[in-house]
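Everything on this sheet refers to the single structure shown next.
The values are calculated or read from the model by the stated rules, or taken from the named source; none is laboratory data. Note that the structure is predicted; figures quoted are calculated from it, not measured. Glycine also receives a Cβ, built like all others from the backbone with ideal geometry; neighbour counts cover every protein chain displayed. Accessible surface is based on the protein model in full, side chains and every heavy atom, while ligands, DNA and RNA are left aside. Shrake-Rupley method; radii C 1.70, N 1.55, O 1.52, S 1.80 Å.
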Amino acid sequence: MNNHKIDILDRNLEELKSDMINIGEKAFRGEQIIQWLAKGVNSFAEMTNLSKALIEKLEERYTIGTLHQLKRLISNDKHTIKYLFLLHDNNIIECVVMKYNHGNTICLSTQVGCAMGCSFCASATGGLVRNLTAGEMMAQVLAVNNDIMELGWTEGSPAIGGIVLMGSGEPLDNYDNTLRFLHQIHEPKGFNMGYRNITLSTCGLVPKIHALADEGLSINLAISLHAADDETRKKIMKVAKVYSVNDIVNASRRYFEKTGRRVTFEYALIKAVNDAPSQAQELTAILKGFPCHVNLIPLNENSHSSQKRSNEEAIKLFTFILKSAGINVTCRREMGQDIQGACGQLKIDYLK
Ligand code: SF4
């Protein structure tokens, strides 16, 4: 990327309108540009309702997106596609899109690498490299949306109906850019993604969960809990040394009370670590009276961790204990196993 140019995907509508005024154009040109960008155009020349003079001004000042597709893997069942994208500074990020009956959902990265160091996660291997900009998050949505439209995944436009911030990185550790992205992707004149169709996943940064609750956005919250007691959680998640399970669940309850949006607790079932019946009972106790959802995920094993997924009997018993206690529980359908579905895995294998 030319360092003097700004990534236009990083600009929100108000900023673009004022940019237009600053270069001697009418503010409404900003709206036209946002509409074109939401359609996934890759060049200003495609913006056919703009004058040639304006297109030249835009080309001088901005680039559109900063992603270059390095690799695309389609699962055998053709329901999951994993992408590797190269950023302008030669960093690489991953992104996944999944085809569900209720629509296509993209799983985005919010950082290059991750500082949180969860033991079961391949994204944590190299630590945090840098935060992604809002524009780089926008670019993932637009590139994948274009791609699956071309693949005929949908008749409609846009093809992406849901977003989960659950790829590489901890979104709340990149709070300002993530918030900016959420506002931009929601922009009614632009991509117009409903907040209710967005889920933000966090490993439990308690002060940031409280801050997000106060933003007044109706997005869904997913908490990577993975253990119901602090001692077990500390063994698999570094963040557990800072925030207790109790504080995380209390922040989640407050999030639900303030937003009315569903909170899901993600729980990766790891053999002989967190899958004992007593641990299921402990989980039912801490979630008592909380109208939340628990998503059990048999661990997606990867070659970078020695941890193993729970066996089928343990998974069934764990699920049964939660269900019997009246907890709304599902066991996640595994998608894309044949294309290194676990986050961070494809990138590491590619770099090798
Ligand atoms: S699971 Fe999420 S928070 Fe934990 S290291 Fe991986 S990307 Fe970071």
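Structural remarks
- Inter-part distance where the range 255-310 and the range 53-127 are each reduced to a Cα centre, Å: 26
- Quotient of Cα Rg and 2.2 N^0.38 Å for the range 191-304, N being how many residues it contains: 1.08
- Loop-resident sites, the range 27-105, for trypsin sites (Lys or Arg not before Pro), counting at most 14 other Cβ within 10 Å (DSSP): Lys78
- The range 110-252: proportion of alpha-carbon pairs further apart than 24 angstrom, %: 35
- The H on the amide N of Glu187, modeled in the peptide plane, is under 5 Å from the matching H of Asn192, Met193, each at least 5 residues off or on a different chain.
- At most 14 other Cβ within 10 Å, DSSP loop - GluC sites (Glu not before Pro), the range 135-242: Glu155
- Percent of alpha-carbon pairs separated by more than 26 Å within the range 38-157: 31
- The phi torsions of the range 60-66, fed into the Karplus equation with coefficients 6.51, -1.76 and 1.60 and a -60° offset, translate into couplings of 5, 9, 10, 10, 10, x, 9 Hz, rounded to whole numbers, with Gly and Pro shown as x.
- Antiparallel bridges, percent of DSSP beta bridges restricted to the chain (to nearest 5): 45
- Highest-MSF residue in the chain out of Asn300, Asn91, Asn131 [GNM, Cα springs under 10 Å]: Asn91
- Whole-percent carbon and sulfur share, accessible surface of the chain, 1.4 Å: 48
- Close amide H contacts of Asn104 (hydrogens built in the peptide plane, cut-off under 5 Å, sequence separation of 5 or more or a different chain): Gly161, Gly162.
- Of Lys189/Lys288; Lys17/Lys78; Lys78/Lys235; Lys26/Lys99; Lys288/Lys316, pairs whose Cα-Cα distance is over 30 Å: Lys189/Lys288; Lys17/Lys78; Lys78/Lys235; Lys26/Lys99
- Gaussian network model of the chain, springs between alpha carbon atoms under 10 Å - residue of Gln184, Gln111, Gln307 with greatest fluctuation: Gln307
- Solvent-accessible area per residue, Å², over the chain with all protein chains present [probe radius 1.4 Å]: 44
- Note on the chain: semi-axes of the ellipsoid equivalent to its C-alpha gyration tensor, largest first and rounded to whole Å, are 38, 21, 18.
- When the convex hull of its Cα atoms is projected in every direction, mean area for the range 18-83 (nm²): 5.8
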